[in-house]
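The values are calculated or read from the model by the stated rules, or taken from the named source; none is laboratory data. Given the structure is predicted, the values throughout are model-derived calculations rather than measurements. We place every Cβ from the backbone using ideal geometry, glycine too, and count neighbours over all the protein chains shown.
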Amino acid sequence: MAALALAVHPPAITDSRATNSPGGLHDFYSQADYSWPNPNSTSGLPYVERDGQSFPDVFTDHRLAMRHMKDAVAALTAAYLLSGDDKYATKADRLLRVFFLDEATRMNPDLQYAQVVLGNRMGRQYGIIDTLHLAELTVALPFLEKSPAFPAATTQGLKQWFADYTRWIMTSTNGVKEMQGVNNHSIACFVQLASFARFTGNESVLALARKQFKEVLFPRQMTNDGSFPRELARTKPYGYSIFQADNLLILGRLLATPQEDFCRLTLPDGRTPRQAVDFIYPYLADKNQWLAQGRPKDIMHWDGWPVRQACLLLAYAEFGDPKYFQLWKSLEADPADLEIRRNMAMTQPLLWVAQPAEVPLLKTVEE
């Protein structure tokens, strides 16, 4: 993966113009996946919702550019962490500057036009999940900063970009709505905010995220058997349940302090995040058990799940039970289904379990 990333041409959202976007060349644009042409309108507008059913003819170029950039940077960072070879940091710097900083190609730090329903001009709160993959990017950056080949100016520019984007999420109408969501969207939003805040040193945002995790996100979404009723009610209950368990454990890890372990948080009624992993575990081990319990297949992408789910690796790192790691190792590491890949916030597990002080990790292990 790192070898491929060294050769990749730097992606940028300016590579593709979204003809339906009212914004400019530097504005990210996407369309609502579950919105379809209106059968009762000759123009097909406004589009109508079909939950869980992705309309095939949506604009995805900006999403894919972002994901390709992030995947490449994450792979390069993991390679740098293992080898200490500055060539990986040099390439990562180039990719990051093109996507976020260079005036001709940079993305503006907002999502005004994300997940637009055709027939409307502006994006929706749900579009903020389109940048979920950037949460791994800001986990990677502290490793890259250790390289003398990674310019301080790039770090400073990226910290400003992510500070601006965090501010936009927390003050815009769509951002506030997403933070206040009652299902997977709010947890995914706080995964981003927590990761960005760790990178930029925003302790007030981290304090808010910790408070929300303990008082709102976790207690109001997970029930006492470890399931998430709002995800089970969707037309893709299996995939959404996996996605939610992954992001709950990711968020817990991002919020951890030496004094407080959020993955081990226990509510007064006994609920703990580990239950989310233990609920989904048997269905990751044998998907047929999901059906045997009378639960329906997902309406789309059923065959693509499960893969190497983040919740399994993080549960092993947190609780030490080898069953989590053994199952994680047995699952697909590099799925071909683009929708499954879209739902994987963690693509380079090493970045989530190592510490920046361990660069290069390979040298440390050998010594």
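Please pick out the residue among Leu327, Leu314, Leu284, Leu350 that is of a type outside the set (S, T, N, Q), under 30 Å from Pro148 (Cα atoms) and part of a helix (DSSP H, G or I).
On the way: Leu327 fails: under 30 Å from Pro148 (Cα atoms); Leu314 fails: under 30 Å from Pro148 (Cα atoms); Leu284 fails: under 30 Å from Pro148 (Cα atoms).
So the residue among Leu327, Leu314, Leu284, Leu350 that is of a type outside the set (S, T, N, Q), under 30 Å from Pro148 (Cα atoms) and part of a helix (DSSP H, G or I) is Leu350.
I want to confirm something. Restricting to the stretch 149-200 and keeping residues that are free of Cβ contacts under 8 Å to residues at least 24 places away in the same chain and of a type in the set (Gly, Ala, Ser), which single residue is nearest to Arg97 (Cα to Cα)?
By that ranking, first place goes to Ala153.
Test each condition in (1) touching a residue at least 40 places away in the same chain (Cβ under 8 Å); (2) touching a helix residue (DSSP H, G or I) at 6+ places or on another chain (Cβ under 9 Å) for Gln31 and report the one that comes out false.
(2)
Which of the residues belonging to the stretch 6-18 are in contact (Cβ under 8 Å) with a residue 24 or more places away in the chain and part of a loop (DSSP other than H, G, I, E, B)?
Matches in the stretch 6-18: Val8, Pro10, Pro11, Ala12, Ser16, Ala18.
If we scan the stretch 289-306, do we find a residue that is among the aliphatic types (A, V, I, L, M) and under 30 Å from Leu206 (Cα atoms)?
no
For the stretch 219-276, what are the residues that are in a loop (DSSP other than H, G, I, E, B), polar (S, T, N, Q) and within 25 Å of Val353 (Cβ to Cβ)? Break it down into steps so the answer makes sense when it comes.
So in the stretch 219-276, the residues in a loop (DSSP other than H, G, I, E, B) come out as 222-228, 233-236, 256, 258-259, 261, 265-273.
The next check asks that each one be polar (S, T, N, Q); those that pass are 223-224, 227, 235, 259, 266, 272.
Selection gives Gln259, Thr266, Thr272.
Name the residue, out of Pro219, Pro237, that is over 21 Å from the mean Cα position of the chain (by Cα) and touching a residue at least 24 places away in the same chain (Cβ under 8 Å).
Sole residue among the options that is over 21 Å from the mean Cα position of the chain (by Cα) and touching a residue at least 24 places away in the same chain (Cβ under 8 Å): Pro219.
Answer with yes or no whether Ala357 is of a type outside the set (Ser, Thr, Tyr), exposed (fewer than 15 other Cβ atoms within 10 Å of the Cβ) and not assigned by TED's automatic domain parsing to the domain that holds Ser241. Before you say what the answer is, go through the steps one by one.
Working: of a type outside the set (Ser, Thr, Tyr): yes; exposed (fewer than 15 other Cβ atoms within 10 Å of the Cβ): yes; not assigned by TED's automatic domain parsing to the domain that holds Ser241: yes.
Considered against the rule, which asks whether it is of a type outside the set (Ser, Thr, Tyr), exposed (fewer than 15 other Cβ atoms within 10 Å of the Cβ) and not assigned by TED's automatic domain parsing to the domain that holds Ser241, Ala357 comes out as yes.
Of everything in the stretch 290-311, what is in a helix (DSSP H, G or I) and surrounded by fewer than 17 Cβ atoms within 10 Å (Cβ to Cβ)? Give them in sequence order.
Within the stretch 290-311, Leu291, Ala292, Trp302, Asp303 qualify.
Take the residues of the stretch 31-85 that are more than 22 Å from Pro10 (Cβ to Cβ) and β-branched (Val, Ile, Thr): which is surrounded by the fewest Cβ atoms within 10 Å (Cβ to Cβ)?
Among those residues, the one meeting the criterion is Thr42.
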